[in-house]
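The next block holds one structure in the form of structure tokens; read it before the comments.
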Amino acid sequence: MVHEVATEESIPLKFLQAILLELRNRGVVTSKKGRAGGYELSRPPADITVGSVIRMIEGPLAPLPCARETNYRRCDECKDEMTCGTRIVMRRVRDAMAHILDSTTLADVIHETDQAKEAEARTSAATFQI
């Protein structure tokens, strides 16, 4: 199954395996060894946000350390972090990203990709009929 997902989604197998191992270690998926083995979500997809998964794998969402909610770190070259324009903008970027990612669940992603595939199939069928 992992091989099929890697092929279908054009993801390098070792990269996908590393992600699944990290998600298993974090309790997002469970794994079963053997012929009928594989991975499955440990909770319903509607209970898992994209933001939580990204944070588990990549760390904080902020594009700069000084814009982070957690693991904050002041930039070495910053003279006044409270009035730093870059920090102010990057905090807004971080907040916008967090809002979208934390309000999007895996169920939402599944639904949206299914809709996109259906729309593509309808477009392909209509094009073929012409």
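Observations on the structure shown:
- The accessible area of Glu112, taken with all protein chains in place and a 1.4 Å probe, comes to roughly 110 Å².
- For the chain, the dipole from Cβ point charges (+1 on Lys and Arg, -1 on Asp and Glu) about the Cα centre works out to 480 debye, to the nearest 20.
- About its Cα centre, the dipole of the range 34-86 is roughly 220 debye, where the only charges are +1 on Lys and Arg Cβ and -1 on Asp and Glu Cβ.
- The charge dipole of the range 1-68, taken about the Cα centre with unit charges on the Cβ atoms of Lys, Arg (+1) and Asp, Glu (-1), comes to about 320 debye, rounded to the nearest 20.
- Residues of the chain: accessible area per residue with a 1.4 Å probe, Å²: 74
- For the chain, the longest principal axis of the C-alpha atoms and the axis of helix 106-129 are separated by about 50°.
- 0 to 90° range, to nearest 10: angle between helix 13-25 axis and the chain longest Cα axis: 70
- Share of carbon and sulfur in the accessible heavy-atom surface of the chain [1.4 Å probe, %]: 56
- The angle separating the long axis of helix 85-102 from the principal Cα axis of greatest extent in the chain is about 30 degrees.
The values are calculated or read from the model by the stated rules, or taken from the named source; none is laboratory data. Computed from a prediction, not measured in an experiment: that's the story for all the values here. Positions of Cβ are backbone-derived with ideal geometry, glycine not excepted, and every protein chain shown enters the neighbour counts. The protein model used for the area step is the full one, side chains on, heavy atoms only, and it has no ligands, DNA or RNA in it. Shrake-Rupley method; radii C 1.70, N 1.55, O 1.52, S 1.80 Å.
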